[in-house]
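Input: a single structure, listed below in structure tokens.
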Amino acid sequence: MAETDRSPPLVGWNLKLSASSFHKLSALFTLACLIIVFSFGNPAFFSINNGLTVLLQTAVIGLLGIGMTLVIITGGIDLSVGSVLALSGTVTGLCVKAGIPVAPSMAIGVCVGAACGLFNGFVITKMRITPFVATLGMMLIARGVALQLTGAAPISRLGEAFGVLGNGSLFRIIEKGANGFPKVVFPGIPYPVILLAIVAVAAAYLLNRRQIGRHIYATGSNEEAARLSGVAVDRTKMIAYTLSGALAGLSGNVLMSRLITAQPNEGVMYELDAIAAAVIGGASLMGGIGNISGTMIGAFIIGVLRNGLNMAGVSAFIQQILIGFIVILAVYIDQIRNRR
Amino acid sequence: MNLHHAPSSTPLVEMVDIEKHFGGIRAVNGVTLDLYPGEVVGVLGHNGAGKSCLMRILSGAMIPSKGQVRINGQDAQIHSPHDARDLGIETIYQTLALADHLDAPSNLFLGRELKTRFGSLDDGRMMREAVDVLKRLNPNFKNLSDPVSSLSGGQRQVIAIARAIYFDVKILIMDEPTAALGPSETAMVSKLIKQLRDDGIGILLVSHDMHDVFELCDRVVVMNKGKNVGSHRIEDVTKDDVLSLIIKGQLPDDWVPRSQETVQ
């Protein structure tokens, strides 16, 4: 397969890197540079606490980015993830308000996201509407439903249990200080980060080691060839969009849980961050190219950049400008490499 | 129809009264065609004569508007390329139908991936099998783990051929198999076709190359304006006869089968 994760070991290290590993290395190099620069700028940047904050902030974009990567590899795009995130979070919030326990409520929220994704897949494969238009429609529909269900008002007072997924952490170590107050020795690994790691590993396994993953690549690489080879192209696309919707639902739950409030206005423009993460990570919008590890690096580049610029006191507007340039640069580098 | 096989032998493929309409256009208009085991049949005709359409119907890429397909004398329902493959019908498309970003083994096994007992892809075994079959076709085959987009036209053709013959093929459809090839690769394909024929496989060869047709085929079927205008044993016709069928849709007025000519 074209993807590096499984390309043969570099025999004799002959400096012949496959295209995608070259891209991944350059992205990784960029990430390292960013971390070094920000560390010099602010000593507080390079600390465990801040590292965990970055991880936590990246979790939502990372989850969306994984779903987006699956869709982009099929040669499509999913513009609806930001809205689906909001809808799923609100549905979960409403369920909790209605007295359903937190875990099943969240499951319902994720299912709503998956249903939105399945609808996208149906419109794209059966009604033959281009992914851009189909998911643009869903972007408006999901946001509209979320706002309609809540009357555009946030749902708050959802209880402590609702906040566990977003705010809890594993291996948190607290000592009692000499003064009697608790002292946090290690803040623990936030649940969203653990969730991201699990989802990333699962998605990479799916893409590289399962038949459906191979078919996702084949569909994006040459849809007609895939169809003639007996690949169920429509089914493959439906699965990709459904997974993207489900992951949007999951990240919606993580985000709302972190805020302990269900916000129908959350997640606006998140789809663009997710696309940026995938593209910075080497995914091609033409389809057939992309991988999870690249997208994770892309998500962390965006996360580190946001965090570092925040700590350096750079305004959110300037951050947008910078990220915009980085997306263009990433695609440009990719093109130069392909022209060689 | 010229049946040079023993009457007892069942045709491998019988396509009966096949029609395919696109709006008001009849791309294929009541075509009947058969193919016997161990036979190479050339399917000839102008561009747009309906031959590709007919082949796509047999390979499951297109569903006929009317007509029946029988495989080994049994009615067959071919609704998808998958159905066709299950019946042992393999197709080598002119476009090769390769997924450019995947490597040779992934393309070879596309849609029919080998799996471990845990249900995950068995890439190691697919690579070994691919090396085996590709090296048999072309001993110089290299770069098996590169995306096929980076391979030469000949190598890509070899992958497309390997994909058709690796699995238990009974009926092979070849659409212009040598159009993109150099002389040595063309010779390899010719040798392979003869070998497959000797193994009892039925081959439908779509080609514009008269030299290939007369070298390889046992019989030619000529299509003109969506109809089958002639099915002849290759010994009975000359290149001029075939050209007349292709262009005018009929044999020259003074035509007599050449095999009978020599008898007289």
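Read-outs throughout are calculated quantities, based only on the coordinates presented, and are distinct from any laboratory measurement. Worth saying up front: this structure is predicted, and the values here are computed from it rather than measured. All Cβ positions, even for glycine, are placed from backbone atoms using ideal geometry, and neighbour counts span all protein chains on display.
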### Message
Quick check: net charge around B:Ala49, other residues with Cβ under 10 Å of its Cβ, Lys/Arg +1 and Asp/Glu -1?
### Response
+3
### Task
Compute the relative contact order of chain B as a whole-number percentage, counting only Cα pairs closer than 8 Å that sit 6 or more residues apart in sequence.
25
### Task
Starting with the highest mean, order B:65-75, B:89-99 by the number of other Cβ atoms within 10 Å, averaged over the residues of each peptide.
B:89-99, B:65-75
### Task
Would you please state the base-10 log of I(q)/I(0) at q = 0.07, 0.09 1/Å for the protein assembly as shown, with intensities from the Debye formula using one equal scatterer on every alpha carbon?
-0.55, -0.80
#### Entry: Shielding by partners - mean other protein chain Cβ count within 10 Å, residues of B:88-100
4
## Note on the structure
Per-residue ellipticity at 222 nm attributable to helices in the protein assembly as shown (runs of n ≥ 4 DSSP H, -39500 (n - 2.57) apiece, nearest 500 deg cm²/dmol) works out to -17500 deg cm²/dmol
### Query
What number in nm² do you get for chain B if you take the convex hull of its Cα atoms and divide its surface by four?
15.9
### Message
Below 8 Å between Cα atoms, with a sequence gap of 6+, how large is the relative contact order for region A:265-340 in percent?
### Response
28
## Note on the structure
Here the whole-number average of other chain Cβ atoms within 10 Å per Cβ of A:288-296 is 1
#### Entry: Centre separation in Å (Cα based) which lies between region A:166-216 and region B:197-263
70
### Task
At q = 0.08, 0.10, 0.15 Å⁻¹, work out log10 I(q)/I(0) for region B:108-264 with the Debye formula, treating every Cα as an identical point scatterer and leaving solvent out; two decimals please.
-0.33, -0.49, -0.89
### Query
Given Cα pairs under 8 Å that are at least 6 residues apart, what percent is the relative contact order of region B:1-122?
22
### Message
If every alpha-carbon in chain A counts as one equal scatterer, what log10 I(q)/I(0) does Debye give at q = 0.10 1/Å?
### Response
-0.61
### Message
Give me Rg/Rg_expected for region B:99-167, where Rg uses Cα atoms only and Rg_expected = 2.2 N^0.38 Å with N residues.
### Response
1.03
#### Entry: 12 Å beta-carbon shell around B:Leu196, net charge (K/R +1, D/E -1)
0
#### Entry: Dmax and Rg, reported as Rg then Dmax, of region B:33-126 (C-alpha, Å)
16.2, 50
### Message
A 22 angstrom limit on the alpha carbon distance is what I want to check against. Which of B:Lys194/B:Lys248; B:Lys20/B:Lys51; A:Lys24/B:Lys135; A:Lys126/B:Lys225; B:Lys20/B:Lys225; B:Lys225/B:Lys248 exceed it?
### Response
B:Lys194/B:Lys248; A:Lys24/B:Lys135; A:Lys126/B:Lys225
